[in-house]
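Working notes, beginning with the structure itself.
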Amino acid sequence: MPYEMKSKRTKKHQVPIDIHQNDFRLAYVSTVANSRRNQKSLSDMTNMELVQDNIPRPRPPLVLYGTQPAYTIVGRGSYKYNGVRGQLFMFNVSGTGKIYYQVDGGAYTAITGTNSYSILGWAGFRQSKSRVYVYNSTNNLSYIDLSTMATVEYTSLATPAAPTGTPAAGLISGTRSLNYYYKVTANNAVGESTASSASAAVNVNTPRDSWTATNSTVVTWSAVVGATSYTLYCGDDTNHLQELTTLANLASLSYTDDGSITLNPFKEAPASNSTQGAVFTWMYVDTRNSQLFGVTATNQLYYSAPGTGDFSSLNGGGYTTIDEGGDTVLNFVDGFRTGKGDPVITTSSRGAAGKGKLNHTTFDSVTYGTQIIYFPNVVEANGQSGTYAPRATVKSGDSLIYPTGDSFKSTGTSQNIVNILDTKTLTSGIIDDVNSISLASLDKAAGIEYQDKVYFCLPVGGTENSEIWYLDRARKDVWILRWPIAAKDIWLYEDSTGLTHLCVIVGSSILEFTRAGSSTTSDNGVAWSSRCAFSSLVWDKDGITLGNIHNQFFKLLVPKGTIQINTYGLTKRGSTTDTGSDTFTALVSFTGYDIWDYDSGLPSNWYDADPGDIDIIGKSIAVLHIKPKGLINQEDWEILTTDINCDYMLSSVSTRGMSNTDLVYQGI
């Protein structure tokens, strides 16, 4: 009888485990429970980035950029003048803000002029032609004259005395049942003074719109030192007088009101003084016409005459109030567009509990007879979102991306939505992390876009920025976090050679991210740790089956330094146990004609006593092998570096073993 060979068969209740992880396109995700995690995501990317075709790698190191400041930085900006790009910094010099400029990372030179500012708010800079305007939420507006590199401050104008209105004889005969009042303001190149108190009542017998050249009222007022023009306001309610006209180059300070000019219902006599320059919290320059826009903490949007820094109404400047007396605070202005694609000035207001508002402002006109009145028209955009962090509000592609307090959102156009802006939430996969951001300090956050990545410096669990996160727009808006870097600011600077530097301020140092000629896994020569991790692998659809992982392979590309890999398993009784580990350490071999063995002395010293240049060959690929121990329900893995000069790219993780469908996790 022939001998019958029995084939080796897998038992019905055993199912092979063969899991391949070589594409981490979902990057970091924290919202889902670990055992439900998509195998294309990661549970930790501390000090990691996503490169090539969605594989993780330790982030670029930080190195010092240029001459380091001797003072704490309390503001930053840039300028371009006569073909030279430079940087502007405001330093805290013995409790006073002082502006310095720097070119190509060289020496710092102090701006001349008064150059004295508060250090309580972060200073911003906006260039328009040969001026760079300075704002910091505390000081009145000023600017740097780039032709002299000196600051220029505006002088506040005094509040005018109440004007006098003298009606013609024909207006004061018979029964006089109508009262009109006048106020006057003084203007300079930047703004308008507080309105005077109202004139005594002009008691007349005829409505103003029926006055004539003979039946009119002569208004007179006193001069204000430094004024270049005056604006008159008129009406029958002293608390709500409307703009009548603005007058300049007068031979005498008088005006005859014959009722022919329609009062401007969009502008009332101001109760504040902007002739010293308004106190702006944020500014924007429209590059189409060099028009300035600024917002204040009192919800006013100021606009200058195009091509000037003149905010007075004489030349087309002025302001409008948005959500006056409401529950939002205006904090951001920029040039954007409507859902139709029409260019507009877009403002954002901070609300509460992650809410806010976006508004669009256009400049429209209305005609009364032969008179044309131009006015800002404010329209609320759709949605209930506004930025909490002006410096972290970033234009990216066709969208604005910004933190709202309870999420990060993008506002832009959508193919499926016509003529309105579409606001989307970008953080559904990292909700737990967003909840750890310190809402009260979110106004300190900063952001920048570089190479299709939007970087955010954020205050996480504290009052100052402590981490950098980035949104990878080229990879369908996946998130990579966290980089534990306490960056006050982040920006791009192009030097005179055309090289772009991605810079941050950490403490009092200016550093840049670069892999060129620097030690990996270190910042300014100090080692940092990286961790790439996945939690947790399961091998059946329900995640309840127990199994044995026989082999696990980690393929690393271009590994360098010491790289530690650990695995952990969840046992059937619910405890987490260490199941294995492996370590890569750079192994090298020496090569070359004039190397050690030929210089060790006679008789081996065949050539000379100079060892020459020592060349090394390192591994371009390494595969680390772990054999996890025990029967487990799910498995976690992590890749760690803790030393300086480490690097790798995780090409793949291959997990092989056998699960037993008859054995189910008990958790007791």
Practice item. Please report, to two decimal places, log10 I(q)/I(0) for the chain at q = 0.05, 0.07, 0.09 Å⁻¹ as given by the Debye formula with identical point scatterers on the Cα atoms and no solvent. Key: -0.37, -0.63, -0.89
Point to revise | Alpha-carbon centroids, the stretch 461-505 and the stretch 69-99: separation in whole Å | key: 20 Å
Check your understanding: Taking Cα pairs under 8 Å and at least six residues apart, what relative contact order does the stretch 467-580 come out at, in percent?
Key -> 10 percent
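With a cut-off of 8 Å between alpha carbons and a minimum separation of six or more residues, what is the relative contact order of the stretch 18-99 in percent?
Details: 94 pairs, mean separation 15.0, N = 82.
Reported relative contact order: 18 percent.
Within the stretch 77-162, list the trypsin sites (Lys or Arg not before Pro) lying in a DSSP loop whose Cβ has at most 15 other Cβ atoms in a 10 Å radius. Could you put the intermediate results ahead of the total?
Values: sites: Lys80, Arg85, Lys98, Arg126, Lys129, Arg131; in loops: Lys129.
Sites meeting the loop and neighbour criteria: Lys129.
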Study note, to complete from the structure: For the Thr155, Arg515 Cβ pair and Förster radius 60 Å, calculated FRET efficiency rounded to 0.05 is 0.70
Study note, to complete from the structure: Using alpha-carbon coordinates alone, the radius of gyration and Dmax of the stretch 263-339 in Å work out to 12.6, 37
Point to revise | For the stretch 208-292, convex hull volume per residue from C-alpha positions, Å³ | key: 157 Å³
Review point. What's the percent breakdown of Cα-Cα distances in the stretch 416-513 across 5 Å bins, shortest bin first?
Key: 3, 12, 19, 22, 18, 12, 7, 5, 2, 0
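How much length would be gained if the chain were fully extended between Asn645 and Val558, taking 0.36 nm per residue of separation minus their Cα-Cα distance, in nm to one decimal? Please list the in-between numbers first.
Working: separation 87, 0.36 × 87 = 31.32 nm, distance 1.24 nm.
So the chain would gain 30.1 nm between Asn645 and Val558.
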Exercise for review: Could I get the Rg over Rh figure for the stretch 620-668? Both from C-alpha atoms, Rh via Kirkwood, rounded to two places.
Suggested key: 1.08
Review point. Relative to a virtual label point 7 Å from the Cα of Thr577 in the Cα→beta-carbon direction, which members of the stretch 630-668 show backbone nitrogen distances below 20 Å?
Key: 630-638, 656-668
Exercise for review: Please work out how much length the chain gains when fully extended from Ser620 to Thr112, using 0.36 nm per residue of separation minus the C-alpha to C-alpha distance, in nm with one decimal.
Suggested key: 177.4 nm
Practice item. Please report, in whole Å, how far the alpha carbons of the stretch 130-280 spread along each principal axis, starting with the longest. Key: 64, 30, 23
Check your understanding: In straight Cα distance, which aspartates and glutamates are under 19 Å from Lys267, not counting same-chain residues fewer than 8 positions off?
Key -> Glu192, Asp209, Asp236, Asp237, Glu243, Asp257, Asp310, Asp323, Glu324, Asp364
Study note, to complete from the structure: Sequence order, the stretch 561-574: Karplus ³J(HN,Hα) from phi using 6.51 cos²θ - 1.76 cosθ + 1.60, θ = phi - 60°, Hz rounded, Gly and Pro as x, gives x, 9, 10, 9, 10, 10, 10, 9, x, 9, 6, 5, 8, x
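Just to verify a number: FRET efficiency for Glu324 and Ala352, C-beta to C-beta distance, R0 = 22 Å, to 0.05?
Numbers: r = 18 Å, r/R0 = 0.80.
Computed FRET efficiency for Glu324 and Ala352 comes out at 0.80.
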Revision key, fill the gap. Expected vector for the stretch 204-215, Karplus 3J(HN,Hα) from phi with 6.51, -1.76, 1.60 and θ = phi - 60°, integer Hz, x for Gly and Pro, equals 10, 9, 9, x, 4, 6, 10, 5, 10, 4, 8, 9
Review point. Near the amide H of Arg37, under 5 Å away, which other amide H atoms are found, from residues 5 or more places off or on another chain, if H is placed in the peptide plane?
Key: Ser536
Revision key, fill the gap. In whole Hz, the Karplus estimates of ³J(HN,Hα) for the stretch 344-358 (6.51, -1.76, 1.60; θ = phi - 60°; x where Gly or Pro) are 9, 8, 10, 10, 10, 10, 7, x, 10, 6, x, 9, x, 9, 10
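For the chain, what is the relative contact order in percent, using Cα pairs closer than 8 Å and at least 6 residues apart in sequence?
On the way: 1777 pairs, mean separation 93.2, N = 668.
It comes to 14 percent, rounded to a whole number.
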**Study point:** Residues of type aspartates and glutamates that Lys555 reaches as a straight line, Cα spacing below 14 Å, ignoring anything fewer than 8 places off in the same chain
**Key:** Asp23, Asp582, Glu638, Asp647
Revision key, fill the gap. Between Gln666 and Thr31, the FRET efficiency computed from the C-beta separation at R0 = 22 Å comes out, to the nearest 0.05, as 0.20
Review point. At q = 0.14 Å⁻¹, what base-10 log of I(q)/I(0) does the Debye formula yield for the stretch 242-393 when every alpha carbon is treated as an equal point scatterer in vacuo?
Key: -0.74
Practice item. Using packing as a proxy for protection, rank 143-154, 104-115 so that the peptide with the highest average count of other Cβ atoms within 10 Å comes first. Key: 143-154, 104-115
Exercise for review: Using amide H atoms built 1.01 Å from N in the peptide plane, name the residues 5+ places from Glu49, or on other chains, whose amide H lies under 5 Å from its own.
Suggested key: Arg57, Arg59
Study note, to complete from the structure: Residues whose modelled amide H sits under 5 Å from the amide H of Asp422, counting only those 5 or more places away in sequence or on another chain, are Gly412, Thr413, Ser414
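Every read-out reported here was derived from the displayed coordinates using simple, explicitly stated rules and does not represent laboratory data. Since we're looking at a predicted model, the values are computed, not measured. We place every Cβ from the backbone using ideal geometry, glycine too, and count neighbours over all the protein chains shown.
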